[in-house]
């Protein structure tokens, strides 16, 4: 019997290797600082207990978990450094002012801010003008599906390389978000694009307004044109034009702190409470996600002194990442996109002189009805236009629409002119 047992043992060791015969209770003793699983005979070749001489060494080349060699690590570092240098050269070559996100801590902060969705789903994110794509890559690594719209052709090769490695999670387009549905006549060519063409290419279909947010958009405004771009979003939002015809598109945008404070200002603050803030508060939930110094952003060196304002002072040194989500109840039977442009025009007129009497403005729109309209909302007859809450303005407008004296036709031509003047 002992001869038979010895022969079986020798055959087993010959098949599975010398470590296969190591008893289970000795496996943990061989590497006291490393947790090693027991050695099942059926997988002895793939999960073997390390020998004392190799307990702290990398597995064999055939192993599925290999440690990268020093040579491969150095090669990856050189490739990364070369890529970063090339990206910086492209950034320096930009002829227009743009901010880029390159700071690792800021990238992590933005990824965390964009992650919450509300229903546990991973959000679909439209990354506008990503440049070198450092944030785009971080979003992909976090598991997001990303649509990258880049207006500068120089950055497209880098983004297209990311697209090939993303296994269908990234789609890159030569497009400028601010030139979607341009007002200029003629053939539309990239980076300009029609919203229907863009959404069809991205396979995004129209959903009812009360549905969940179908898409998150991340973008940054320039310091000179942020108010113009915000006005363009307001015109499109209230009429459900541009990307908003496909649903409640959420904007996640970096604004100057001064502009953000104007958006959230309340009645009585005659310096900051403006028409743009009233319109955004009526239409959207506004949430501050993050504040970041301008020094954290990468800009071409030729624009380093671009913080000066036209008035001779200096702009903010802080940017605010703001989430702007259209409200589900914005539109109703009493407030449709057809009336949205009239509402925008009315608020602009009323908030031009914020200390003027509201009753005078109402009498101009509906002669002789101003006092009755104010009484219906329990508002004093001598109240100023800058002291009305945004919600009250919407109720006032809906009441005005039901008035027989209100004639809306005289404002339409001027509204169209205003839209064209504040759009690309």
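The values are calculated or read from the model by the stated rules, or taken from the named source; none is laboratory data. The structure displayed is predicted, hence computed values, not measured ones. FYI the Cβ positions are ideal-geometry reconstructions off the backbone, even for glycines, and counts take in every protein chain you see.
Tell me yes or no: at least one residue of the stretch 317-325 is at pLDDT 95 or above, within 16 Å of residue 391 (Cβ to Cβ) and in contact with a strand residue (DSSP E or B) (Cβ under 9 Å, 6 or more places away or on another chain).
Within the stretch 317-325, none of the residues are at pLDDT 95 or above, within 16 Å of residue 391 (Cβ to Cβ) and in contact with a strand residue (DSSP E or B) (Cβ under 9 Å, 6 or more places away or on another chain).
If a residue must be farther than 12 Å from residue 327 by Cα and either surrounded by fewer than 18 Cβ atoms within 10 Å (Cβ to Cβ) or not assigned by TED's automatic domain parsing to the domain that holds residue 263 (or both), how many such residues does the stretch 277-293 contain?
6
Check off (1) surrounded by 19 or more Cβ atoms within 10 Å (Cβ to Cβ); (2) closer than 28 Å to residue 297 by Cα; (3) touching a helix residue (DSSP H, G or I) at 6+ places or on another chain (Cβ under 7 Å) for residue 236 and give me the number that stays unchecked.
(2)
Here is a list of conditions, (1) within 14 Å of the chain's Cα centre (by Cα); (2) without any contact (Cβ under 8 Å) to a residue 40 or more places away in the chain, and residue 253 meets all of them except one; can you say which number that is?
(2)
Restricting to the stretch 381-402, count the residues that are touching a helix residue (DSSP H, G or I) at 6+ places or on another chain (Cβ under 7 Å) and not in a helix (DSSP H, G or I).
Result for the stretch 381-402: 4.
All but one of (1) at pLDDT 95 or above; (2) assigned to a helix (DSSP H, G or I) hold for residue 330; state the number of the condition that does not hold.
Condition not satisfied by residue 330: (2).
Looking for something within 23 Å of residue 86 (Cα to Cα), in the same structural domain as residue 135 (by TED's automatic domain parsing) and in a helix (DSSP H, G or I) - is there at least one such residue anywhere in the stretch 164-182? Before the answer, list the steps.
At the first step, the residues of the stretch 164-182 found to be within 23 Å of residue 86 (Cα to Cα) are 164-166, 170-176.
Filter again for in the same structural domain as residue 135 (by TED's automatic domain parsing), leaving 164-166, 170-176.
Filter again for in a helix (DSSP H, G or I), leaving 164-165.
Taking every residue of the stretch 164-182 in turn, at least one turns out to be within 23 Å of residue 86 (Cα to Cα), in the same structural domain as residue 135 (by TED's automatic domain parsing) and in a helix (DSSP H, G or I).
Condition check ((1) farther than 25 Å from residue 318 by Cα; (2) without any contact (Cβ under 8 Å) to a residue 40 or more places away in the chain; (3) not assigned by TED's automatic domain parsing to the domain that holds residue 217) across all residues:
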| site | (1), (2), (3) |
| --- | --- |
| 100 | no, no, no |
| 104 | no, yes, no |
| 114 | no, no, no |
| 123 | yes, no, no |
| 132 | no, no, no |
| 156 | yes, yes, no |
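Rundown of residues vs (1) in the same structural domain as residue 133 (by TED's automatic domain parsing); (2) within 17 Å of residue 263 (Cα to Cα); (3) out of contact with any helix residue (DSSP H, G or I) (no Cβ under 8 Å at 6 or more places or on another chain), yes/no style:
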site	(1), (2), (3)
194	yes, no, yes
215	yes, no, no
220	yes, yes, yes
225	yes, yes, yes
232	yes, yes, no
242	yes, no, no
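Based on this model, can you work out whether residue 347 counts as surrounded by 17 or more Cβ atoms within 10 Å (Cβ to Cβ), modelled with pLDDT of 90 or more and in a helix (DSSP H, G or I)?
yes
Could you identify the single residue in 130, 116, 59, 68 that is modelled with pLDDT under 80, in contact with a helix residue (DSSP H, G or I) (Cβ under 9 Å, 6 or more places away or on another chain) and assigned to a loop (DSSP other than H, G, I, E, B)?
On the way: 130 fails: modelled with pLDDT under 80; 116 fails: in contact with a helix residue (DSSP H, G or I) (Cβ under 9 Å, 6 or more places away or on another chain); 59 fails: in contact with a helix residue (DSSP H, G or I) (Cβ under 9 Å, 6 or more places away or on another chain).
Going through 130, 116, 59, 68 in turn, the sole match is 68.
Taking into account only those residues within the stretch 134-150 that are in contact (Cβ under 8 Å) with a residue 24 or more places away in the chain and assigned to a helix (DSSP H, G or I), which is surrounded by the most Cβ atoms within 10 Å (Cβ to Cβ)?
The selected residue is 136.
Which of the residues that make up the stretch 212-231 are assigned to a loop (DSSP other than H, G, I, E, B) and within 19 Å of the chain's Cα centre (by Cα)?
Matches in the stretch 212-231: 212, 213, 214, 215, 221, 222, 223, 225.
Within the stretch 360-369, which residues are in a helix (DSSP H, G or I), in contact with a helix residue (DSSP H, G or I) (Cβ under 8 Å, 6 or more places away or on another chain) and surrounded by fewer than 20 Cβ atoms within 10 Å (Cβ to Cβ)?
Here is the first cut: in the stretch 360-369, the ones in a helix (DSSP H, G or I) are 360-365.
Narrowing further to those that are in contact with a helix residue (DSSP H, G or I) (Cβ under 8 Å, 6 or more places away or on another chain): 360-363, 365.
The answer is 360, 361, 363.
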